[in-house]
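Before any comments, here is the structure.
A short reminder: the numbers here are calculations on the coordinates, not readings from a lab. Remember, it's a predicted structure, so these values are computed and weren't measured experimentally. Note: ideal-geometry Cβ built from the backbone for every residue, glycine included; neighbour counts use all protein chains shown.
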Amino acid sequence: MSHPKPTDIKLHQKSRYLEIHFDNGEHFDLSCEFLRVYSQSAEVTGHAPGQEVLQVGKENVNIDAITPVGNYAVKLHFDDGHDTGLYTWERLYELGKNQHKLWMDYLRELMRAGHSHPELDALKKPKS
């Protein structure tokens, strides 16, 4: 089974989102932070299971450039210097489809590790 392929990829630097439209009609808005913390590079995933490195302090990361890699992927060049992960069409689609669950997993990991994040901080504020 082949995965959907992007028909359009637009970077919105001001709002720090990557907008991706796929040939099956679906589209996703993925934050630069989300894409950065879910990079497939060894710097993030490690070299074996259990060696993942929790990415912290990426709330304001942006993408400086997007480089096509053949007709199967793009390389995202982040403004924090990270540019070693490839984002295949399949990976981008899976990130989009599972964005909510993956984002919640990431926030939970940050919380477990004792790190703050604006979204976690907002949840902690008492409601008035």
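The Cβ shell under 15 Å around Q51 holds other residues with a net charge of -3, Lys and Arg each +1, Asp and Glu each -1. Kirkwood hydrodynamic radius computed over segment 6-124 comes to 14.9 Å, based on all pairs of distinct alpha carbons. Near N24, once Lys and Arg are set to +1 and Asp and Glu to -1 for all other residues with Cβ below 14 Å from its Cβ, the sum equals -3. Separation of segment 1-59 and segment 63-83, taken as the distance between their Cα centroids, equals 10 angstrom. Using a simple spin-label model with pseudo-atoms 7 Å out from Cα toward Cβ, A42 and V56 lie 2.5 nm apart.
Residue ranges 39-46, 13-20 sort as 13-20, 39-46 when ordered by packing (mean number of other C-beta atoms within 10 Å per residue, highest first). Each Lys and Arg adds +1 at its Cβ and each Asp and Glu adds -1 at its Cβ; summed about the Cα centre, segment 6-124 shows a dipole of about 180 debye. Other residues within the sphere of radius under 10 Å centred on the Cβ of D64, judged by their own Cβ, net out at -3 (K and R +1, D and E -1). List the aspartates and glutamates whose Cα lies under 20 Å from the Cα of K5, skipping any in the same chain that are fewer than 8 positions away. Of all the aspartates and glutamates, those that pass the test against K5 - Cα under 20 Å, at least 8 places apart if same chain - are E19, D23, E26, D29, E90, E94.
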